[in-house]
Each structure stands twice: as C-alpha cells, then as structure tokens.
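Worksheet: the structure to be examined is printed underneath.
A short reminder: the numbers here are calculations on the coordinates, not readings from a lab. Keep in mind that this is a model prediction, so the values were computed, not measured. Note that each Cβ is placed from the backbone with ideal geometry, even for glycine, and that neighbours are counted across all protein chains shown.
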Amino acid sequence: MLVLNLILLVLLVATTDASNLFDGDTTLTPEEQLIAIQIESDLTNRYEKHTFLSTSNGSGSALFWMVNNEEIQFAIAVHTIGWVGLGISEAGGMIGSDMMLFESSSPNTVIDSYVIEDKGAGPLTDDCQDWILVNATVVEEEEWMIIEVKRALDTFDTQDIPIVNDEELWSAPTRIIAAWGDNGQSVSYHGQNKARASIRLFAKGDESADDGVELREALEEQADGSFEVSEVDYVIPAKETTYHDVCKTYDDLFDKDDQDDVGVAMIGAVPFFSEDTEQYLQHFHHFTVYVAESCESTFPRTMVYLWAPGK
C-alpha cells in the first residue's frame, strides 16, 4: 500500500532560549525593560522552561514553568499591579477554560476558577481549590507583578482540566491563556490585555519555536510521498460568515504517471499558512478536510482532518 502524508500546517509556540523575553513588548520604556531583564534573570535561574505570551496591542507577559513528578509549577510576570489570570484551555479561548486568578486585593491567595459557556458572566469559583500560591511579588512603584503557583497535573476534579504529557509531536500541545488588568485590584474586563499560545509543557532540551517543521519532517521520513490541499489568492468576502469549499480530485493531487491501484493511506497532516496569510488569521475560524466519492457527490463523506485556532 502506498503511504502518503497530507501537508497542511500549524505553528506552535514552544520554549525559547534564555534571552530578554520582553523584547517582544513594544509598550515598555527603556527603564521598564531593565526591570524586565532583572525579573527574567531571577526566574530563568529557577525555572526550566519559559516563553513570551504576546498580545494584539504589542504588550505581553512572560511565562515560566517546570514539571516535578506529578506536579507543575508556573510563574507569570506581567507589567501590572491589579490582577492576573492564567489558564488551561481545551479550545484556546476563555470558554471551557480552567483558570487561576490572583488579585492584589487578596495577596495571600489565588482563586481556582473555570468558565463554562458565558464568558461575559466571568469565571466561576471551583468547589475544590487546587491551585496553590507559592509566591506573589507585587512591585507597586514600577507596576510589576510576578505570581508563582502550582497544582497537580491531574487533580481528579471535574472542574479542572488535566495537564497531560505533550512531549511527542503526535500529541497536541497544551493551550495556555492569560489575562491581566489595572482597573482596580479585583478581576474586571481585561480589554486587549489577553494572550494565548500552544505550548509543549513537557518538551525536553532546546526546542524550536516551530513544531510544524519538525512534525512535517517526521512525517516525510515515514511516508512514501505527500500532497498539498491549498487555496491561493482567495478574497475574503465582506460578510460576517462565509463557508468556502475547495474540492481536489485524485487526478488533481497526484501525477498520473505515478498512479497505481494500491490505494492511499494518510498517516498525518501539517497545516501551513504563508507569511502573507498569517495577517488575516483573525478572520479564519476553522478548516476541515473530508474524503468523498467525487466533487459532485459530497455525501456520504468522511472527515480526515480538522484544524481551528481556538477562537
């Protein structure tokens, strides 16, 4: 049987080398950058992994973590003195997330919370408080906050999301969300102060920031060939919701001279977006890949791949 791999894409945020993470924050003054470097220096000496969670307005927060047996510990550093939230998200958004909240009005505790369906109603407090506050540093003069927390990887609490080993490229990375605010010392609407990333929390050694390349290379090593399903120069319509279909036949995907009767088995897929396309991803909700008998007869059909940015 001819084994092929479908080339599509996904760029995943992984750990970064020790450097000034807040270089990505264009809102900081030179003096604030110096403080950020001092914060990083301390935390990178104590934590194995770190990355920068950027926002759409040019700011962001630095995230540090380490896994110890059945427990994980995070530290989040952010330029604020109000409140900060850090969460695990199944879909990459606030709805359905499992969150830790810290409010400077209650400096000795964190709130274990979750969001079910209505993000406008705000996070709900867990019946069982599983997040533990390790340390909270609030530097009011310079307006910086460093919160360190820990919890069991699996709390066996139905209101929590288990944190599973995501080291292998075949598994999905962990989706992390964060938010913070200066509007008072308690949780309130965060505005643009929010960030999200897909991170391999269990990755070992120096990791590339592009898991997609590594996965593609791994698939190509084990496949007899590959094909691409792509759309070029598609113009986004000026309407709220559009469903766009692209159909590729067997003849479209494969060279006729290479065709035979042994069949095709797809072993994996990697989504890919060009640099020109990435600027429009805020308008992109999801894509699905189906197999059907023909382009004219799309039912019955079988889903073979699904990708979504988690918005």
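Observations on the structure shown:
- Subtracting the Cα-Cα distance of E142 and I267 from their residue separation scaled by 0.36 nm leaves 39.8 nm.
- Projecting label points 7 angstrom from Cα along Cα→Cβ for E240 and E220 puts them 4.3 nm apart.
- Here is the P(r) of segment 21-199: all C-alpha pair distances, binned every 10 Å from 0, give 10, 40, 38, 11, 0 in whole percents.
- Efficiency of FRET between E167 and D42 - r from beta-carbon atoms, R0 30 angstrom, step 0.05: 0.65
- Residues S61, S294, ranked from the fewest to the most other C-beta atoms within 10 Å, line up as S294, S61.
- Three-way shape call for segment 39-118 based on the alpha-carbon gyration tensor, with the a/c threshold at 1.5: rounded
- Sites F156 and T298, calculated FRET efficiency, Cβ-Cβ separation with R0 51 Å, nearest 0.05: 0.75
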